[in-house]
Amino acid sequence: MASSSTAMRVTCGPIEDDLLTLQNIHVSQHVWNREDDRRLMARRAAPTRNGIEGVPHQIVPLLEQAGFGWIARLSYIKVSPGLLTALVERWRPETHTFHMPFGECTITLQDVGMLVGLPVDGEPVLTRNSANILGLALDFLGVVPPQSEMKGHRVKLSWLTTNFNDIADDINELHQLLPYARAWILRFLGGLLVPDRSSSYVSLRWLAFLGDFQTIKTYAWGAAVLGSLYRNLCTSTDYKTPSCGGFTLLLQLWAWERFPTILCSPFPPIPPGSPIGLRWSNTATKISMSDDIKFYRKFFDRLTRKSIIWQPYPPFEQMPEDNTQGIRIWGSVIPLLSLCICEWHQPDRVMRQFGCQQPIPNPPMTPAHVHALTLRGKADDDWTTILSPALEHWANRYAYHFAPTPPQVGLLGPNSEYMRWYRRKGKLYIDPDEVKDSIVGDVIECLAYLTSPHGRANFSVESVTEQTNRLLSISDDYRARFVEPAEEAPLPSGSYDVGTFNVPPQSREAAGLSRRRTAIEAMDHMYPTLPDRPAGLYYIPSQEPSYPSQSQYTYWYTPPRPPGFETSVPMTTTHICESLDLDSSPEPVMSSEMMDSKNPL
């Protein structure tokens, strides 16, 4: 039997490893083993630090026509390396979600549209081959970059800046302005939206989608940007990776909106008729945030179910059309295609972000041999053939919307079926010094021993009090597990067939993300003993039959449903969450009277 003088063995987790199969090559394993902290740097080379004021006025209408007008209006905002590092430590390549103490959450197509206004629905941005890259440059830029400025199919961003940054006053004809507009879009893509880990080059393959300014906006640029961010987050979970590409600013804006206490600055108002992310654009110099990795790591380890705003955005009826352009696929389980990248969007794992009850999710979608695919050695291959199952899936994207469940009113209880499942399958904690969950298991084991035939000889009020005092050191969120009834989860959405991808069998990427990584075993840590509590105190747990709502808007719309699906959930646009006092929960009752040993426990 354990006692207060016995240190507890704390393991890394997850308890069951059939979901998080990459844990032994994940950066969180190194953090758990107390290896040196890795500080991720965000790779980007923003074309302008002054938003729209730094863009030549002659091409602003063209950028707006192409769907990049809001991106051009984003001023330079620093990305905190500490916040980025801490989020990557919680990013799971297996599920494309962040594993937090309260469950899974992630950045979705809804966040892309609401925060930066990029179109997320439309034709897929999927490359074919590199056969005519230089021809595209000549046709759409009017000049072929010299070989000294090229690396494969990529051109230096500095070359684009030198040749297309400023526009002379006598250049005002449309055919003269189009190359400048395309060059600026390339700079936004390579420097801000989809930068690689060099942030110095951009692929000329993007030019294939920038020919006709009447149709540029019909492509799913937001989905491509999100797919690129997913891929970069996945590769950055390698401990040896020093930097992270992709639209990391979008990730930071997402974190600020979802976890408002992460900032010391007040939230500025949303500019009228603008995406929500622009609220931070004009106040970047006033934002007070930390760069300390340990601060953010502890912040996320100590989150409770009350810490996240599941639905932070205003009702979509109040937002510009650009923000809600892709509302029909916000909840679709679909591939995100970005040139040669194919990453799965899995909102069925985070249905609380859409106001729905969360069922136990289906297995992750992304096949291992597709997860690490790159252009390396396949520049001349037809990617529409390699990724043909993903193209077919995208073509039917409206049919793959998750099946809506009843509205989630209030907060999901710790004894819910989903949370019981998640505590077994998930990675709840990163820092071993912040792990408290193991205390609960150890206390239960001790109490079970005391009530067993063999342990009853050691049974006493003092021994029980010792264990309950240990529970008292755990947060209210943990104590609630013992006083709340169990909750059943709704039935999950239907599962979808990924299909067979035509990946060349000789591809080195067939091994998935485990290629080039070294697996390590997690260390066991000894949790320090708890200090003794003053004699004469005992704890009566508070009773909370229901938990308050977070007073958030719920977007309830009629999504496309798979054939044969039926639901009794009303499909009207209503606000279903009620405003309740978050501080009305009763406090624990402490008494100075010691329980008599004859009283029932």
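Worth a mention:
- Complete set of residues in segment 383-412 that are surrounded by 21 or more Cβ atoms within 10 Å (Cβ to Cβ), over 20 Å from His345 (Cβ atoms) and out of contact with any helix residue (DSSP H, G or I) (no Cβ under 7 Å at 6 or more places or on another chain): Leu411
- The residues of segment 343-371 that are buried (at least 21 other Cβ atoms within 10 Å of the Cβ) and in contact with a Lys or Arg (Cβ under 9 Å, 6 or more places away or on another chain), listed by number, are Glu343, Gln353, Gln358, Pro361, His371.
- Any hit, segment 209-231, residues being polar (S, T, N, Q), in contact with a Phe, Trp or Tyr (Cβ under 9 Å, 6 or more places away or on another chain) and outside any loop (DSSP other than H, G, I, E, B): yes
- Filter pass, Pro268 being farther than 30 Å from Pro364 by Cβ, surrounded by fewer than 18 Cβ atoms within 10 Å (Cβ to Cβ) and either in contact with a strand residue (DSSP E or B) (Cβ under 9 Å, 6 or more places away or on another chain) or of a type outside the set (Phe, Trp, Tyr) (or both): yes
- Enumeration of residues in segment 242-286 that are within 19 Å of Val120 (Cα to Cα) and among the aliphatic types (A, V, I, L, M): Leu249, Leu250, Leu251, Leu253, Ile276, Leu278
- None of Arg90, Arg128 is among the basic types (Lys, Arg) and either modelled with pLDDT of 95 or more or on the phi > 0 side of the Ramachandran plot (or both) except Arg90.
- Criterion (β-branched (Val, Ile, Thr) and in contact with a His (Cβ under 7 Å, 6 or more places away or on another chain)) met by exactly one of Thr106, Thr95, Thr85: Thr106
- Near pairs, Cβ below 8 angstrom, 6+ apart or cross-chain, from segment 369-380 (at positive phi) to any residue that is in a loop (DSSP other than H, G, I, E, B): Gly377/Ser507
- Just one of the listed residues (Leu193, Leu233) is within 30 Å of Ile308 (Cβ to Cβ), surrounded by 16 or more Cβ atoms within 10 Å (Cβ to Cβ), touching a strand residue (DSSP E or B) at 6+ places or on another chain (Cβ under 9 Å) and in contact (Cβ under 8 Å) with a residue 60 or more places away in the chain, and it is Leu233.
- Flag: Val116 does not match the condition of being of a type outside the set (Asp, Glu), modelled with pLDDT of 95 or more and farther than 28 Å from Gly227 by Cα.
- Note on segment 201-252: residues that are hydrophobic (A, V, I, L, M, F, W, C), farther than 15 Å from Val88 by Cβ and more than 13 Å from the chain's Cα centre (by Cα) amount to 14.
- Boolean, Ser281 is touching a strand residue (DSSP E or B) at 6+ places or on another chain (Cβ under 8 Å) and among the polar types (S, T, N, Q): no
- Some residue of segment 315-336 being modelled with pLDDT of 90 or more, basic (Lys, Arg) and surrounded by fewer than 19 Cβ atoms within 10 Å (Cβ to Cβ): yes
- Note on segment 140-164: residues that are in contact (Cβ under 8 Å) with a residue 24 or more places away in the chain, within 39 Å of the chain's Cα centre (by Cα) and either in a helix (DSSP H, G or I) or closer than 21 Å to Val55 by Cβ (or both) amount to 8.
- When Asn172 is tested against the conditions (1) of a type outside the set (D, E, K, R); (2) in a loop (DSSP other than H, G, I, E, B); (3) at pLDDT 90 or above, the lone failure is (3).
- Hits in segment 383-403 - residues which are assigned to a loop (DSSP other than H, G, I, E, B) and touching a Cys at 6+ places or on another chain (Cβ under 6 Å): Leu387
- For Pro363, the test of being over 30 Å from Pro272 (Cα atoms), out of contact with any helix residue (DSSP H, G or I) (no Cβ under 9 Å at 6 or more places or on another chain) and at pLDDT below 95 is passed.
- Just one of the numbered conditions (1) outside any helix (DSSP H, G or I); (2) more than 24 Å from Pro101 (Cα to Cα); (3) out of contact with any helix residue (DSSP H, G or I) (no Cβ under 7 Å at 6 or more places or on another chain); (4) modelled with pLDDT of 90 or more is not true of Arg279: (1).
One line per residue, one yes/no per condition, for (1) part of a helix (DSSP H, G or I); (2) among the charged types (D, E, K, R); (3) closer than 20 Å to Pro406 by Cβ; (4) touching a helix residue (DSSP H, G or I) at 6+ places or on another chain (Cβ under 6 Å):
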residue	(1), (2), (3), (4)
Gln325	no, no, no, no
Pro335	no, no, no, yes
Trp344	no, no, no, no
Gln358	no, no, yes, yes
Asp381	no, yes, no, no
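- Verdict on Ser452 being modelled with pLDDT of 75 or more, of a type outside the set (A, V, I, L, M, F, W, C) and either in a loop (DSSP other than H, G, I, E, B) or surrounded by fewer than 16 Cβ atoms within 10 Å (Cβ to Cβ) (or both): yes
- Qualifying residue in segment 410-428 (condition: outside any loop (DSSP other than H, G, I, E, B) and in contact with a Cys (Cβ under 9 Å, 6 or more places away or on another chain)): no
- Of the residues screened, Leu134 is not one that is outside any strand (DSSP E or B), surrounded by 20 or more Cβ atoms within 10 Å (Cβ to Cβ) and touching a Leu at 6+ places or on another chain (Cβ under 9 Å).
The values are calculated or read from the model by the stated rules, or taken from the named source; none is laboratory data. The shown structure was predicted, so the numbers you read here are calculated from the model rather than taken from an experiment. Here the Cβ is made from the backbone with ideal geometry for all residues, glycine too, and neighbour counts use every protein chain on show.
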